[in-house]
Amino acid sequence: MGVHVGLVVGERKRYPSDLSDEQWAVIGPFLDAWKARHPSVSGHQGRYALREIVNSIFYQNRTGCQWAYLPPKSATYYYFALWRDDGTDQTIHDLLRRQAREQAGRAEDPTAVVLDTQSIRAANHIPANTTGKDAAKRVPSRKRGLAVDTLGLIIAVVVMAASATDNQIGVRLLDRVVAHTPTVAKAWVDAGVQGRRPRSTARSPSTNAPTAAPANSATSGATTAGNPADASTTADALRRRGRRAASSQGSCRRPPRSPGR
């Protein structure tokens, strides 16, 4: 899949996961500006066009192939790990989400989110120390948690061992929502995320954290799988309950960073 700078996508077989010209026109200038801010110490500009690097990352994501089988091998993983660690991928995601919300006639950033979790069976090669058994599923798995806005656009993602409780997932999701989207004032959750009933439904000035409400609230604008929670819960209550058990639960760690070019 890899090509040298100057070659175009049309000179190789095109894959369904490839960026279209319109898509590249949106994120290309951002990545070109990023490249200009991160020149090589040796002055080397790199062998591969950034568009082909992104195409390779998308190909790996869609097919699940091993990194070593991608033609730009270490270069593809090098950029993937670099953009993951310096927040470039998060910045691009947030910019695209804001554009999508504006096109839908919404404000750039949401004021409410919906939280839910799902356990997924882990592949055989996944390290055992990053998986666990869900109380309802007797197979090694991981649990992913999502916080989405009322359009279904992703705000935050957390992946942990499936033995982690929904409260622990909820705590981490709310922490990330507060850190990256401070405009959020309310979160709808299902029965798996429960704590004490708050005294007030307003944002807590001491924690600046969103308030959690039952998933079946008439004002949510979205539905969440599972039974509705019996009572509203605050982020503080979730943290107190979740962190008491955090020491006994494992979380998924990132793989070691590969040396790049």
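The values are calculated or read from the model by the stated rules, or taken from the named source; none is laboratory data. Computed from a predicted structure; not experimentally measured. When we count neighbours, we look across all protein chains shown, and the Cβ atoms used for this are built from the backbone with ideal geometry, even at glycine. Only protein heavy atoms, including side chains, enter the accessible area calculation; ligands, DNA and RNA are left aside. Shrake-Rupley method; radii C 1.70, N 1.55, O 1.52, S 1.80 Å.
For the reader, a short list of remarks on this structure follows.
- Separation of the residue 104 and residue 33 label points, Cα + 7 Å toward Cβ, nm: 2.5
- Note on residue 35: aspartates and glutamates with a C-alpha under 17 Å away, same-chain residues under 8 apart excluded, are 52, 85, 86, 89.
- For segment 19-168, size of Cβ-based charge dipole, Lys and Arg +1, Asp and Glu -1, in debye: 660
- The heavy atoms of residue 37 offer some 140 square angstrom of accessible surface to a 1.4 angstrom probe.
- Straight-line cross-link reach from residue 186 at under 16 Å between alpha-carbon atoms covers these aspartates and glutamates, not counting any fewer than eight positions away in the same chain: 109, 116, 149, 175, 236.
- With a Förster radius of 35 Å applied to the beta-carbon distance between residue 82 and residue 130, the computed FRET efficiency rounds to 0.95.
- Two-site label geometry, residue 12 and residue 40: point separation in nm, points 7 Å out along Cα→Cβ: 1.8
- Taken one residue at a time, the phi angles of segment 30-37 give Karplus couplings (6.51, -1.76, 1.60, θ = phi - 60°) of 5, 5, 5, 5, 4, 4, 5, 7 Hz. Gly and Pro are set to x.
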